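Novice: This structure is in structure tokens; I'll ask about it shortly.
The values are calculated or read from the model by the stated rules, or taken from the named source; none is laboratory data. None of the values given here were measured: they were computed from a predicted structure. Note that each Cβ is placed from the backbone with ideal geometry, even for glycine, and that neighbours are counted across all protein chains shown. The accessibility values were calculated without ligands, DNA or RNA, using every heavy atom of the protein model including side chains. Shrake-Rupley method; radii C 1.70, N 1.55, O 1.52, S 1.80 Å.
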Amino acid sequence: MWTSYYTMARKEFVRMIRIWSQTLLPPIVTTSLYFVVFGSFIGSQLAAIEGFSYMQFIVPGLIMMSMITSSYMNTVSTFYFAKWQRTLDEILVSPTPNWIVIAGFISGGMIRGLLVGTLVLIVSLFFTHLVIHQLAIVILAGILTTMLFSLAGLVNGIFAKGFDGISIVPTFVLTPLTYLGGVFFSINQFPEFWRIVSLFNPILYMVNAFRYGFLGISDVSIAMSFSILIAINVVLLGLTVYLFKKGWGFKN
Amino acid sequence: MQAISIKGLRKTYSTGTQALKGVDLNIEEGDFFALLGPNGAGKSTIISIITSLTRKSEGEVKVFGTSIDEDPDKAKTYIGLVPQEFNFNIFEKVIDIVTTQAGYYGIPRKEALERADEIIKALGLWDKRDTMAQQLSGGMKRRLMIARALIHKPKLLILDEPTAGVDIEMRLGMWEFLRRMNEEGTTIILTTHYLEEAEELCRNVAIINKGEVRLHKPMKELLESGKEKLENIYLEIIQEAKQEK
Ligand SMILES: Nc1ncnc2c1ncn2[C@@H]1O[C@H](COP(=O)(O)OP(=O)(O)O)[C@@H](O)[C@H]1O
Ligand SMILES: [Mg+2]
């Protein structure tokens, strides 16, 4: 059973490293551009936020953004292609229990997310120095968030019926929520109405928890952030287990 | 011991197609068994249900006495499947496809590599060991799937139309290989729509059409009643199927 899990995780890791120019490089290039354009050019014109330079403020948000996208894209695409090419049957005919199969896919997404996050963090060191307020919070928020989006990507992959099915959610839901999720600004700078609307965006809580771990500042309560993270994880995990049990979208 | 025991198996797809209309089938351990029938008869559906890739609508399936409902994971350990359609990742190397499959069956990597090398050799794919699956010929791809199916040394090997699109010479080689496997004790079930293939290889045969078993007999008995007669029976069934379409 553990051999089976290890096989899945190893396969994902090897693939990720082999095609690094598609899996690891793009988020690094994108965030580097953000660092240059927003952090250096525009940021230098902006006032400090709670005592931190704009560059320092956006670093945690940008790491989070790259982790969210990477973990989501990893599971949604691996699962969808496994289903489409029918390579999923290789696992399904084997005595690997469903929860191990789920764990295998989730681990792939988490490894990719955390790896990309670490690389973006290293890149950020070229632009600003590292501040860490509470390392445990950084790590915990990173793990819970990548797990959440790996699960979400997997659910998307299960439901996807075609190639548009795997790009609609990332483009029309994930990206807007991330951009409005407090990556580039503190919601305290918002007009009251939009500030309240933002509070319904779950990504806001993740970005803020993560930023709190680095800088010790947050727009929302950290306890609330972690409660939301854990609650969504539990719901998505339950849903995934249920869909696998039914063979939803991959068993006739 | 029965390798496969099927009782009252029915399957209706979500499209409304009734693919199986109450199939009963017993296959003995050690048998070389042919599931013969025209396209669309329901052969692949039976196999997908036995291997838990498709859910049944009704009925009971046991693999070496283990119900696929009660202990699907145990039932799966007995079976090696060579599906009708290629279902490996064409961007992976031959050796990786086989060893990964071993991992799914819980075989540690070191042992998996040894077994994979052995089995790749036995199937004449040794010089393609590190070749991407995409670059293999049709017959080689089929043999790759056989290697993959045998990596956990299953007691039962199921092949769904293994020789479709494979040239004569390669077909003879594959027959030889399967015959030897069977002599060494592996139970083999294959589906085919070639009568000659069933005649050549199998000890028992079931002819299936439109989701029903029409005839289930030892090959010898069938051949004794006359080769022409068997051909006629089969042709009749195929004809029937064509007329309905
Ligand atoms: N996934 C599916 N969805 C709906 N109908 C299907 C599906 N797979 C097979 N069928 C139908 O079930 C019947 C039996 O098909 P199949 O088991 O593939 O036959 P065979 O393998 O004997 O050629 C056919 O009428 C086929 O069209
Ligand atoms: Mg078929």
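Novice: Could you list, in sequence order, the residues of the stretch B:1-33 that are of a type in the set (Phe, Trp, Tyr) and crowded, with 18+ Cβ neighbours inside 10 Å? Walk me through how you get there before you give the answer.
Specialist: Of the stretch B:1-33, the ones of a type in the set (Phe, Trp, Tyr) are B:13, B:32-33.
The answer is B:32, B:33.
Novice: Return the residue satisfying two criteria in turn: it lies in the stretch B:206-240 and is open to solvent by 70 Å² or more (accessible area, probe 1.4 Å) and within 14 Å of ligand 1 (Cβ to nearest atom), and of such residues it is modelled with the lowest pLDDT.
Specialist: B:214
Novice: Same structure, new question: Would you confirm whether any residue within the stretch B:34-50 is open to solvent by 20 Å² or more (accessible area, probe 1.4 Å), under 23 Å from residue B:104 (Cβ atoms) and within 16 Å of ligand 2 (Cβ to nearest atom)?
Specialist: Yes, there is a match, as at least one residue in the stretch B:34-50 is open to solvent by 20 Å² or more (accessible area, probe 1.4 Å), under 23 Å from residue B:104 (Cβ atoms) and within 16 Å of ligand 2 (Cβ to nearest atom).
Novice: Pairs, please: C-beta under 7 Å, at least 6 apart or cross-chain, first residue closer than 16 Å to residue B:35 by Cα and in the stretch B:211-232, second in a loop (DSSP other than H, G, I, E, B) and open to solvent by 80 Å² or more (accessible area, probe 1.4 Å)?
Specialist: Qualifying pairs under 7 Å: B:218/B:203; B:219/B:203.
Novice: Another one. Inspect the stretch B:5-13 for any residue being within 16 Å of ligand 2 (Cβ to nearest atom), of a type in the set (Phe, Trp, Tyr) and either out of contact with any strand residue (DSSP E or B) (no Cβ under 9 Å at 6 or more places or on another chain) or closer than 23 Å to residue B:240 by Cβ (or both) and give the result as yes or no.
Specialist: Within the stretch B:5-13, one or more residues are within 16 Å of ligand 2 (Cβ to nearest atom), of a type in the set (Phe, Trp, Tyr) and either out of contact with any strand residue (DSSP E or B) (no Cβ under 9 Å at 6 or more places or on another chain) or closer than 23 Å to residue B:240 by Cβ (or both).
Novice: Kindly provide the set of residues from the stretch A:186-226 that are free of Cβ contacts under 8 Å to residues at least 12 places away in the same chain and not in a helix (DSSP H, G or I), ordered by number.
Specialist: Result: A:190, A:191, A:200, A:218, A:221.
Novice: Looking at A:114, A:119, A:154, A:140, which is the one that is open to solvent by less than 20 Å² (accessible area, probe 1.4 Å) and either within 14 Å of chain B (Cβ to nearest Cβ) or part of a helix (DSSP H, G or I) (or both)?
Specialist: On the way: A:114 fails: open to solvent by less than 20 Å² (accessible area, probe 1.4 Å); A:119 fails: open to solvent by less than 20 Å² (accessible area, probe 1.4 Å); A:140 fails: open to solvent by less than 20 Å² (accessible area, probe 1.4 Å).
Exactly one of A:114, A:119, A:154, A:140 is open to solvent by less than 20 Å² (accessible area, probe 1.4 Å) and either within 14 Å of chain B (Cβ to nearest Cβ) or part of a helix (DSSP H, G or I) (or both), namely A:154.
Novice: Out of the helices (runs of 4 or more DSSP H) lying entirely within the stretch B:31-127, which hold 3 or more residues that are away from every other protein chain (no Cβ under 14 Å)?
Specialist: The qualifying helices (runs of 4 or more DSSP H) are B:109-122.
Novice: Now a separate question. Could you check residue B:22 against (1) within 14 Å of chain A (Cβ to nearest Cβ); (2) more than 25 Å from residue B:197 (Cβ to Cβ); (3) in contact with a Leu (Cβ under 8 Å, 6 or more places away or on another chain); (4) not polar (S, T, N, Q) and say which number it fails?
Specialist: Unmet condition: (1).
Novice: Continuing with the same structure: Return the only residue of A:63, A:58, A:49 being among the β-branched types (Val, Ile, Thr), more than 25 Å from residue A:24 (Cβ to Cβ) and more than 14 Å from chain B (Cβ to nearest Cβ).
Specialist: A:49
Novice: Let me ask something additional. Within the set of pairs 6+ apart or on separate chains, which have a first residue in the stretch A:1-19 that is at the interface with chain B (Cβ under 8 Å from one of its Cβ atoms), a second that is β-branched (Val, Ile, Thr) and in a helix (DSSP H, G or I), and C-beta atoms under 7 Å apart?
Specialist: Note: pairs meeting the criteria are A:1/A:100; A:4/A:100; A:7/B:100; A:11/B:100.
Novice: Determine if the stretch A:80-87 includes at least one residue that is touching a residue at least 12 places away in the same chain (Cβ under 8 Å) and of a type in the set (A, V, I, L, M, F, W, C).
Specialist: no
Novice: Continuing with the same structure: Take the residues in the stretch B:143-179 that are within 16 Å of ligand 1 (Cβ to nearest atom) and away from chain A (no Cβ under 12 Å); name whichever of them is modelled with the highest pLDDT.
Specialist: Selected residue: B:159.
Novice: Can we say residue B:75 is more than 20 Å from residue B:143 (Cβ to Cβ) and within 13 Å of ligand 2 (Cβ to nearest atom)?
Specialist: It is false that residue B:75 is more than 20 Å from residue B:143 (Cβ to Cβ) and within 13 Å of ligand 2 (Cβ to nearest atom).
Okay, residues lined up against (1) touching a residue at least 40 places away in the same chain (Cβ under 8 Å); (2) among the polar types (S, T, N, Q); (3) more than 12 Å from ligand 1 (Cβ to nearest atom):
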{"position": "B:18", "(1), (2), (3)": "yes, yes, no"}
{"position": "B:29", "(1), (2), (3)": "yes, no, yes"}
{"position": "B:33", "(1), (2), (3)": "yes, no, yes"}
{"position": "B:48", "(1), (2), (3)": "no, yes, no"}
{"position": "B:62", "(1), (2), (3)": "yes, no, yes"}
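Novice: Quick one: residue B:157 ticks every box in (1) open to solvent by less than 50 Å² (accessible area, probe 1.4 Å); (2) part of a loop (DSSP other than H, G, I, E, B); (3) of a type outside the set (Asp, Glu) except a single one, so which number is it?
Specialist: In the conditions (1) open to solvent by less than 50 Å² (accessible area, probe 1.4 Å); (2) part of a loop (DSSP other than H, G, I, E, B); (3) of a type outside the set (Asp, Glu), residue B:157 misses (2) alone.
Yes or no, residue by residue, for (1) open to solvent by 10 Å² or more (accessible area, probe 1.4 Å); (2) farther than 19 Å from residue B:63 by Cβ; (3) more than 16 Å from ligand 2 (Cβ to nearest atom):
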| position | (1), (2), (3) |
| --- | --- |
| B:133 | no, yes, yes |
| B:144 | no, yes, yes |
| B:173 | yes, yes, yes |
| B:179 | yes, yes, yes |
| B:182 | yes, no, yes |
